[in-house]
Amino acid sequence: MHDFLRSRMCMVGCGVVVLVVAAGWANAQTSQPAMPPQSPAPATQPVERPYDLWTAPQLTGSWFGLRPRLEEKGISINLVQTTAFQQNFRGGLNTHHAHDFSGDFRVNLTFDLDRMGLLDGGLVFIRLKETFNEGVKADVGSLSRTAFVLDEGDESIVVDKWWYRQFLFDQKIEFRIGKLLTPVDLFDTPVYACNPWTQFLNANFTLNPTVPHTKTLGAYLRVQPVEWFYFHMVGADAYMRQTRTGFDTTFHGEAEFNGIWEAVFTPRLPSGHGDLPGNYRFGWWYSGRKKTRFIDDLGGLRAVQTNRGDQGGYLSFDQLVWKENDDAKDSQGIGLFARYGFADRRFNKIQHFWSMGAQYKGIIPGRDQDVLAFGVAQSILSSQFRHNVDARADRETVYELYYRIQLTPWCEITPDVQFITHPGGLKDARDALVGGVRVLINL
């Protein structure tokens, strides 16, 4: 507890330093040389509204006007605390004291170099992150994490993500370099199942486990020649440890990389309430990591066989199928999503994966920002793993239902329930029932 409090104090201290520096810069930018006295202009500036706990977009408000002043100059500071409580009520490996609080605290810093007058189309993003506890995955025994990104253990003040982005040719070309997160931010990102802080808690609804997603040093390129299609790709270090800077493995040791290539079609289907946006992704990946082949080693008599250059592919779709009204900015309605992926059975424990589901935003009248969602995901284990390593290997299926309640613009509460059959993909594993609640507070 002492280490947790000390790290939290350090995090707050870092935030104060950033605020002071940013405020000083904003003040310097707005300072003007002395001008001759002029007649006062009519009062056209809107008066800042008093802080209202129930309508403020952030719990801590506008920081006495500093926040909007910084954003006007291209600096955004976003503080988010997300906490989840989960309990394994039945089945799995253990139900005795099988409950835990876990979560993270994120500081997102965005510097829009274009608005700051420094570089057209340039942007710098930095995220500091602190995590605590590991959730109940070990009690469930599942392949999939039951509280993805919120169960990463005790890590104090990690520079979790940083990158530089440059737009070119009227945003038809985008380039990024830095510590990149390939799921959630870039690839295989169905609109209704890609954000573990606000959508599904189980990892199998945020990413495809057959794809070697990473958070590592790399370079990213996106080209959009027409409005309805774009192609993007990434090359990233294959060996980076997520809590490190990445320079120790990217520029030292084995020179191997992971690559993802994805083509995306973005049609807008006509309907009686306006266009229905969709995204249809077709991806291929390559992994340079050394992987061990699944063989019967005859009790240690056969030598371990390894391989590099693993490859696989995936599909990923999302489509809004019904809108409640004609407002183009209103996303209330029903959306569907689906994923499929495959990997080489000789080296990957999960050979096939699929998921599908739906969400309804605004299902209750008057609760326009609330979301009800349900999904099913299945990991099918490698036939070679089953034949040579563990005859019990079969498949793991996850059913998840959640209802996200927007209590205020800065607070969301999400009751969540997961039913996991054959945790770990083993035929004789006990089906598990996991329930819990997630609370997100935008500070």
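The values are calculated or read from the model by the stated rules, or taken from the named source; none is laboratory data. Please read these numbers as outputs of a predicted model, since none were measured by experiment. Cβ atoms come from the backbone with ideal geometry, glycine included; neighbour counts cover every protein chain shown.
When VAL184 is tested against the conditions (1) at positive phi; (2) surrounded by fewer than 18 Cβ atoms within 10 Å (Cβ to Cβ); (3) among the hydrophobic types (A, V, I, L, M, F, W, C), the lone failure is (2). Among residues of segment 89-116 that are within 20 Å of VAL417 (Cβ to Cβ), those with a Cβ under 7 angstrom from a residue that is in a strand (DSSP E or B) and of a type in the set (Ser, Thr, Tyr), sequence gap 6+ or separate chain, pair up as PHE101/THR83; GLY103/THR82; GLY103/THR83. ASP390: of a type in the set (D, E, K, R) and at pLDDT 95 or above, yes or no? No, not satisfied.
A quick yes/no check of all residues on (1) within 23 Å of LYS290 (Cα to Cα); (2) over 11 Å from the mean Cα position of the chain (by Cα):
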| site | (1), (2) |
| --- | --- |
| TRP162 | no, yes |
| GLN171 | no, yes |
| LYS179 | yes, yes |
| PRO183 | yes, no |
| TYR230 | no, yes |
| GLY235 | yes, yes |
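What are the residue pairs meeting all of these: first residue in segment 398-411, first residue touching a residue at least 12 places away in the same chain (Cβ under 8 Å), second residue hydroxyl-bearing (Ser, Thr, Tyr) and in a strand (DSSP E or B), Cβ atoms under 6 Å, and 6 or more apart or on different chains? Close Cβ pairs (under 6 Å, with a partner that is hydroxyl-bearing (Ser, Thr, Tyr) and in a strand (DSSP E or B)) amount to TYR402/THR414; ARG404/THR414.
Just one of (1) touching a Phe, Trp or Tyr at 6+ places or on another chain (Cβ under 8 Å); (2) of a type outside the set (D, E, K, R); (3) at pLDDT below 95 fails for ALA138. It is (1). Picking from residues in segment 338-366 that are under 18 Å from HIS213 (Cα atoms) and aromatic (Phe, Trp, Tyr), the one that is surrounded by the fewest Cβ atoms within 10 Å (Cβ to Cβ) is TYR340. Screening segment 267-290 for residues that are small (Gly, Ala, Ser), closer than 12 Å to GLN311 by Cα and at pLDDT below 95 and picking the one that is surrounded by the most Cβ atoms within 10 Å (Cβ to Cβ) gives SER287. Taking the conditions exactly as written (closer than 23 Å to SER142 by Cβ and surrounded by fewer than 20 Cβ atoms within 10 Å (Cβ to Cβ)), does VAL398 satisfy them or not? Judged against the criteria, VAL398 is not a match.
When segment 184-207 is filtered for residues that are over 18 Å from GLU262 (Cα atoms) and assigned to a helix (DSSP H, G or I), the ones remaining, listed by number, are ALA203, ASN204, PHE205. Answer with yes or no whether GLU174 is crowded, with 16+ Cβ neighbours inside 10 Å, in a strand (DSSP E or B) and out of contact with any Leu (no Cβ under 9 Å at 6 or more places or on another chain). No: the conditions fail for GLU174. Looking only at residues that are touching a helix residue (DSSP H, G or I) at 6+ places or on another chain (Cβ under 7 Å) and over 22 Å from ILE173 (Cα atoms) in segment 208-235, which one is surrounded by the most Cβ atoms within 10 Å (Cβ to Cβ)? Here the answer is THR214. Being assigned to a strand (DSSP E or B) and at pLDDT 95 or above, is that true of even one residue in segment 208-220? Yes. Please determine, by comparing only the residues of segment 74-95 that are more than 27 Å from the chain's Cα centre (by Cα) and not in a strand (DSSP E or B), which one is surrounded by the most Cβ atoms within 10 Å (Cβ to Cβ). By that ranking, first place goes to GLY91.
Taking segment 221-244 as the range and being touching a strand residue (DSSP E or B) at 6+ places or on another chain (Cβ under 7 Å), closer than 18 Å to ASP160 by Cβ and at pLDDT below 95 as the test, the residues that pass are ALA236, ASP237, MET240, GLN242, THR243. Can you confirm whether VAL321 is part of a loop (DSSP other than H, G, I, E, B), surrounded by fewer than 16 Cβ atoms within 10 Å (Cβ to Cβ) and touching a residue at least 12 places away in the same chain (Cβ under 8 Å)? Answer is no for this residue. Is at least one residue of segment 324-336 over 30 Å from TRP354 (Cα atoms) and either hydrophobic (A, V, I, L, M, F, W, C) or outside any loop (DSSP other than H, G, I, E, B) (or both)? Yes: segment 324-336 contains one or more residues that are over 30 Å from TRP354 (Cα atoms) and either hydrophobic (A, V, I, L, M, F, W, C) or outside any loop (DSSP other than H, G, I, E, B) (or both). I'm checking my understanding of the structure. Among residues of segment 103-115 that are of a type in the set (A, V, I, L, M, F, W, C) and more than 15 Å from ARG67 (Cα to Cα), which one is nearest to the chain's Cα centre (by Cα)? The selected residue is PHE105.
Being touching a residue at least 12 places away in the same chain (Cβ under 8 Å), buried (at least 20 other Cβ atoms within 10 Å of the Cβ), of a type in the set (A, V, I, L, M) and in contact with a helix residue (DSSP H, G or I) (Cβ under 7 Å, 6 or more places away or on another chain): is that true of ALA377 here? Yes, satisfied. ARG339: part of a strand (DSSP E or B) and basic (Lys, Arg), yes or no? Against the criterion (part of a strand (DSSP E or B) and basic (Lys, Arg)), ARG339 qualifies.
Hey, can you tell me all the residues within segment 53-69 that are surrounded by 15 or more Cβ atoms within 10 Å (Cβ to Cβ) and within 19 Å of MET116 (Cβ to Cβ)? Within segment 53-69, LEU66, ARG67, ARG69 meet the criteria.
Check whether at least one residue in segment 291-313 is surrounded by 15 or more Cβ atoms within 10 Å (Cβ to Cβ) and touching a helix residue (DSSP H, G or I) at 6+ places or on another chain (Cβ under 9 Å), and report yes or no. Yes: one or more hits.
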